[in-house]
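Okay, structure first, notes after.
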Amino acid sequence: MTNYLDELESDSIFIIREAYAKSKNLGMLWSMGKDSTVLLHLVRKAFLGNYPIVVIHIDTSYKIPEMISWRDDFARRNNLRLIVGVNKRALADGMAPEKGRLQCCGSLKTEALLDIVHEHRIQALLIGIRGDEEGSRGKERIVSPRLHSSTWAYKQQPAELWHYYNLHLPQDVHVRIHPLLRWTELDIWNYIRREKLEVIPLYYAKDGKRYRSLGCYPCTDSIESGARNVDEIIEELKSTKLSERAGRAQDKVDTYAMQKLRKSGYM
Amino acid sequence: MLCKNSANQDICDIPQQEVYDKPAFTVVVVGSVDHGKSTLLGRLLMESGAVEVDRVRRVETICAAKGSNFEPAFLLDALEEEQSQGVSIESTHCQLRYEGQKFQFIDAPGHLEFIKNMTGAASYARIAILVIDAVEGVRSQTIRHLEVLAMLGVTRLLVAVNKVDKINYDSAAYHDICAKTQELLNTLKLDCDHFLPISALNGENLFKASENLPWYSGKTLIQVLSELAPPAARGCNSGYFRMMLQDVYRFGGERFFAGRVVSGSITPGQLILFSPSGKVSIVEAIISYPDEKRELAVAGECVALKLSEQIFVERGEIVSRPDQAPEVLDEFIATIVWLAEEELELGAQYILKIGTAEVGCSVYAFTSNNESVDLLNRGDVRDVIIKPSSPIALDRIEGTSGLNRFVLCTKYDTVAAGSVMEEKRIFRGMPVASPFVQRENGYLERMVIEAAQGHKAAVLWLTGLSGSGKSALAKALEARLFAAGRTVMVLDGDNLRKGLCADLGFSREDRAENIRRIAEVARLLLDAGTLVIVACLSPYAEDRDRARSIIGEDDYLEIFLSCPLEVCQGRDPKGLYKKAASGEITSFSGLDSPYQPPVHPNLLIDSNQMSLDQEVEAVIALLRSKQVIGTAIGRIWPAKRPNTSQSMAREVI
Ligand SMILES: Nc1nc2c(ncn2[C@@H]2O[C@H](COP(=O)(O)OP(=O)(O)OP(=O)(O)O)[C@@H](O)[C@H]2O)c(=O)[nH]1
Ligand SMILES: [Mg+2]
């Protein structure tokens, strides 16, 4: 194998298969973004065209509307076993970004996720985060055990060497598995191009703007861009001077906002 | 002024070629705490333009708020605890491209407490940069990190003496540190001739040579790195085929054996062996999605095999060709680094993971410097003996399949990482004579016989598949040595099975006993001053190693007749492969019974490429190099001895 995309793909498939072999109830998070859509494709490759695991979307109700319609359409066409998690309690109590961005994320995303994990007795979760997204994700392990409070104990992560992953866990701990941790944003787009993957059209420029990273509409800005297809996105990324999450409000609340969110179980 | 080295200054114009599609070389940065590893990478990222401006701005803002100078290390050390204490806790991966090469850097933390993170980081690397603080010099963590690198087999090394700005760019002090480091590298048997002075903080001698170092005329860090980068990407298709079995899937009523090829390659139709279970089957198809049926799978790929014969095997097996089997051991020696906070206690039980196999094991002795140690503390690198609770398949060879690398775990944690040692083995299962039997001494000494006959004795142990040419070579060697007047005797495995070993079959135990008897006979002949040629398939490495220990390390010369199975099958001198194919014979080495090729034979003969004459010459050369023949006593012969007949007939006394 001399192509780096083959290497990345094969590493990820290995990880996904390890997770499936060792965990009783494996699920994956799908945010409809480019990364988790690539992850979905890798799952399918790992299992020779099958999806033997549940696919979970955490819906905050603040998602860009096109995302929801695309989600349902894509899931139907691909026969996904889709579970949608919504923190109805918090929404009924009026949770919204105006109540504080971090509180909103913690409640509508982290809490909603934990509810789903408990309800469906999920033991292990595949999540499509990448180390190059922002600082605290760069400190993640491929396999990250979470205590029942879902805390990320980043000072005591178990050693991870070669291809050996620690997937044995005590009860009431779930484990997060990050098959895309060593991919970069550019790798993702190169792979989408090579595999001719369908991604949500919000990534392609319309009227001089496109989304580089997808989230909730109150907290995610689109960027100035003329990139209308995958080739143009790849060219744009090769010369960009700004980071991928420059349009995301979460990271700007305070210096270590993302670390704090993620420590308490955010993806 | 806010920051001394903000993103706007000092950014070199590095030509960015189209290197996006290339595989990256992984480089780990190691060294003692605070010696400047993260700073080095932070500067490299900034100077190469690999880090976005908003990220640099963030760090500028953080440093300004702290009232400190700009810290390039914060580009990697993003955790609040790391920044407040100025120490790396976790490793960080980052990428940069330089002149057609793509590097994946891993920043390892230096503190002893985080040795597990450093070891993990280094386990992915092929090249290492060792950073040494010019003021502090070599510290205990510097030594530890080097020991870990040696254990992991990361031997491409570059030493960067950092913070030379703090020693006023003094060349004498720099050379002093280099000399001390060189000494250390020598004792650890690590090879390195790349030393360079840098200032990570000021970006001196990273991408650009520094005016402050007029006495240094060598290359910059990035230039040295480019040269160190190995030509080939990871995963080599050469080497024996190995696949780690991850899982067995059942989709649509069919079973798929899913795994990763870690060395060599595989094609449909190939006969395969599963180790340690010893089961065999044939690959019917190689499956991946979406290309259904593949003609080939190579090292690095994750695929699934469909088998033409249904067998029951589970995750953890190693798949190979039967004629290139891995070893299956229940005891081995290894070097490990202890990673856990709790000490390792002698005899304690751990979980051993090699490939995808997991078995219980005990770690029961320490052989470092032949002293036994009771405990291992975090960060200690030591030689140990590991006894798995059931036999485990592995490769002792470094570098091809990675199946010499393992971890030790407790239920939920990884506590040690190790690599199996190539050479040393322990032998059990040898019958022990009754303690009441006492050796009788005072017979003719071998040395006396050797001196009288004018040449030394040795055992040439020929191993290889059936049809690889062992007997043919044995005959040719016998004739040649006899003609030269040497005392020579061939022990042919097939002939011995007609008499001495007629009671033995082909079970694992019987094969072991067969080899033991042949080795004992060879030793007797050796004592009689004979050049013994053993021609015996001897498929198991463990049995050959036992023969070596019976005969003695110095007198046992292992000669591997390497020949592809297909060629041997074509030759089939005794019609045995045909009988095996028809099912008339079973347990046939290389087919439904493993053949484990020697890891380090004294001589490897490619009998498919070499003529018989060449093979004989190669063995004669080996005997000369071992001074069995051609030494002073050898040269007197045959002149001293009368009656050497021209007809080569053996003289009757
Ligand atoms: N004067 C000077 N200071 C430096 C240089 N390189 C690093 N430093 C300083 O040394 C301190 C430690 O640097 P780091 O890069 O965090 O050290 P490290 O090796 O990554 O430390 P750990 O990861 O905790 O083991 C920081 O305050 C740096 O500014 C240099 O070349 N010259
Ligand atoms: Mg550091």
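Restricting the search to segment B:589-609, which residues are modelled with pLDDT of 90 or more, open to solvent by 20 Å² or more (accessible area, probe 1.4 Å) and among the hydrophobic types (A, V, I, L, M, F, W, C)?
B:L591, B:L603, B:L604
Report, by residue number, each residue of segment B:341-366 that is more than 15 Å from B:V384 (Cβ to Cβ) and either exposed (fewer than 15 other Cβ atoms within 10 Å of the Cβ) or within 13 Å of chain A (Cβ to nearest Cβ) (or both).
The answer is B:E341, B:E342, B:I351, B:K353, B:G355, B:T356, B:A357, B:E358, B:G360.
Give the number of residues within segment B:26-61 that are more than 16 Å from ligand 2 (Cβ to nearest atom) and either open to solvent by 30 Å² or more (accessible area, probe 1.4 Å) or not hydrophobic (A, V, I, L, M, F, W, C) (or both).
Result for segment B:26-61: 13.
Find the residue count for segment A:158-186, including only residues that are more than 9 Å from chain B (Cβ to nearest Cβ) and not in a loop (DSSP other than H, G, I, E, B).
The number of residues fulfilling the criteria is 5.
Of everything in segment B:118-128, what is assigned to a helix (DSSP H, G or I) and more than 10 Å from ligand 1 (Cβ to nearest atom)? Give them in sequence order.
Matches in segment B:118-128: B:T119, B:G120, B:A121, B:A122, B:S123.
Report yes if B:T92 is within 11 Å of ligand 1 (Cβ to nearest atom) and closer than 28 Å to A:M258 by Cα, otherwise no.
Answer is yes for this residue.
Inspect segment A:1-8 for any residue being over 30 Å from A:H168 (Cβ atoms), at pLDDT below 95, within 13 Å of chain B (Cβ to nearest Cβ) and open to solvent by less than 20 Å² (accessible area, probe 1.4 Å) and give the result as yes or no.
Yes, the conditions are met somewhere in segment A:1-8.
Tell me yes or no: at least one residue of segment B:374-388 is at pLDDT below 80, more than 27 Å from B:G264 (Cα to Cα) and part of a loop (DSSP other than H, G, I, E, B).
There is at least one residue in segment B:374-388 that is at pLDDT below 80, more than 27 Å from B:G264 (Cα to Cα) and part of a loop (DSSP other than H, G, I, E, B).
Which helices (runs of 4 or more DSSP H) sit wholly inside segment B:397-506 and have at least 1 residues that are of a type in the set (K, R)?
Filter on segment B:397-506 gives B:446-453, B:470-483.
Any idea which residue in segment B:409-423 is least open to solvent (accessible area, probe 1.4 Å), counting only those that are more than 21 Å from the chain's Cα centre (by Cα) and of a type outside the set (A, V, I, L, M, F, W, C)?
Only one residue tops the list, namely B:T414.
Filter segment B:34-61 down to the residues that are within 14 Å of ligand 1 (Cβ to nearest atom) and outside any helix (DSSP H, G or I) and list them by number.
B:D34, B:H35, B:G36
Could you tell me whether any residue of segment B:273-281 is of a type in the set (A, V, I, L, M, F, W, C), closer than 23 Å to B:E358 by Cα, surrounded by fewer than 19 Cβ atoms within 10 Å (Cβ to Cβ) and within 29 Å of the chain's Cα centre (by Cα)?
There is at least one residue in segment B:273-281 that is of a type in the set (A, V, I, L, M, F, W, C), closer than 23 Å to B:E358 by Cα, surrounded by fewer than 19 Cβ atoms within 10 Å (Cβ to Cβ) and within 29 Å of the chain's Cα centre (by Cα).
Would you check which residues across segment B:251-270 are free of Cβ contacts under 8 Å to residues at least 40 places away in the same chain and either loosely packed, with under 14 Cβ neighbours inside 10 Å or closer than 18 Å to B:F312 by Cα (or both) and list them?
Within segment B:251-270, B:F251, B:G252, B:G253, B:T267, B:G269 meet the criteria.
Mind listing whichever residues of segment A:71-95 are surrounded by 18 or more Cβ atoms within 10 Å (Cβ to Cβ) and over 22 Å from A:P52 (Cα atoms)?
A:N87, A:A90, A:M95
Give segment B:490-505 a look and list any residue that's of a type outside the set (K, R) and surrounded by 16 or more Cβ atoms within 10 Å (Cβ to Cβ), or say none.
Of everything in segment B:490-505, those that are of a type outside the set (K, R) and surrounded by 16 or more Cβ atoms within 10 Å (Cβ to Cβ) turn out to be B:V490, B:L491, B:D492, B:G493, B:L496, B:C501, B:L504.
Only one of (1) more than 10 Å from every other protein chain (Cβ to nearest Cβ); (2) modelled with pLDDT of 95 or more; (3) more than 17 Å from B:Y98 (Cα to Cα) fails for B:T220. Which number is that?
Going through the list (1) more than 10 Å from every other protein chain (Cβ to nearest Cβ); (2) modelled with pLDDT of 95 or more; (3) more than 17 Å from B:Y98 (Cα to Cα), B:T220 breaks only (3).
Taking B:I132, is it closer than 26 Å to A:G138 by Cβ, open to solvent by less than 20 Å² (accessible area, probe 1.4 Å) and within 11 Å of ligand 1 (Cβ to nearest atom)?
Yes.
Looking at B:G110, B:G86 in this structure, which one is more than 14 Å from chain A (Cβ to nearest Cβ), in contact with a strand residue (DSSP E or B) (Cβ under 8 Å, 6 or more places away or on another chain), closer than 13 Å to B:S38 by Cα and within 16 Å of ligand 2 (Cβ to nearest atom)?
Within the list B:G110, B:G86, the selection yields B:G110.
Read through the list (1) open to solvent by less than 10 Å² (accessible area, probe 1.4 Å); (2) under 28 Å from A:G131 (Cβ atoms); (3) within 12 Å of ligand 1 (Cβ to nearest atom), then give the number of the only condition that B:V164 fails.
Condition (2) is where B:V164 drops out.
Residue by residue through segment B:557-587, note down the ones that are in a loop (DSSP other than H, G, I, E, B) and touching a Leu at 6+ places or on another chain (Cβ under 7 Å).
The answer is B:C563, B:I585.
Test of understanding: among B:K102, B:K116, which residue is open to solvent by 20 Å² or more (accessible area, probe 1.4 Å) and either over 23 Å from the mean Cα position of the chain (by Cα) or away from ligand 2 (no atom under 15 Å from the Cβ) (or both)?
Result of the check over B:K102, B:K116: B:K116.
Can you tell me which of A:L242, A:L186 is among the aliphatic types (A, V, I, L, M) and under 19 Å from the mean Cα position of the chain (by Cα)?
Exactly one residue qualifies, and that residue is A:L186.
Tell me the residue from B:N168, B:N212 that is farther than 30 Å from B:V384 by Cβ and either of a type in the set (D, E, K, R) or touching a residue at least 40 places away in the same chain (Cβ under 8 Å) (or both), please.
Answer to the selection: B:N212.
Checking A:F14 against (1) in contact with a His (Cβ under 9 Å, 6 or more places away or on another chain); (2) part of a helix (DSSP H, G or I); (3) more than 10 Å from chain B (Cβ to nearest Cβ): exactly one of these is not met. Which one?
Checking A:F14 against (1) in contact with a His (Cβ under 9 Å, 6 or more places away or on another chain); (2) part of a helix (DSSP H, G or I); (3) more than 10 Å from chain B (Cβ to nearest Cβ), the one that fails is (3).
How many residues does segment B:62-86 hold that are surrounded by 18 or more Cβ atoms within 10 Å (Cβ to Cβ) and assigned to a loop (DSSP other than H, G, I, E, B)?
Of the residues in segment B:62-86, 6 are surrounded by 18 or more Cβ atoms within 10 Å (Cβ to Cβ) and assigned to a loop (DSSP other than H, G, I, E, B).
Just a yes or no: is a residue in segment B:470-478 of a type in the set (A, V, I, L, M, F, W, C), in contact (Cβ under 8 Å) with a residue 24 or more places away in the chain and within 30 Å of B:I333 (Cβ to Cβ)?
no
Filter segment B:341-364 for residues that are farther than 27 Å from A:R17 by Cα and assigned to a loop (DSSP other than H, G, I, E, B) and give the result.
B:E341, B:E342, B:E343, B:L346, B:G347, B:A348
Going by the conditions given, is B:E314 part of a loop (DSSP other than H, G, I, E, B), open to solvent by 50 Å² or more (accessible area, probe 1.4 Å), among the acidic types (D, E) and within 30 Å of B:F506 (Cβ to Cβ)?
yes
The values are calculated or read from the model by the stated rules, or taken from the named source; none is laboratory data. Everything quoted here is computed from the prediction, not taken from an experiment. Cβ coordinates were reconstructed from backbone atoms using ideal geometry, including for glycine residues, and neighbour counts include every protein chain displayed. Note: accessible area is taken over every heavy atom of the protein model, side chains too, but ligands, DNA and RNA are not part of it. Shrake-Rupley method; radii C 1.70, N 1.55, O 1.52, S 1.80 Å.
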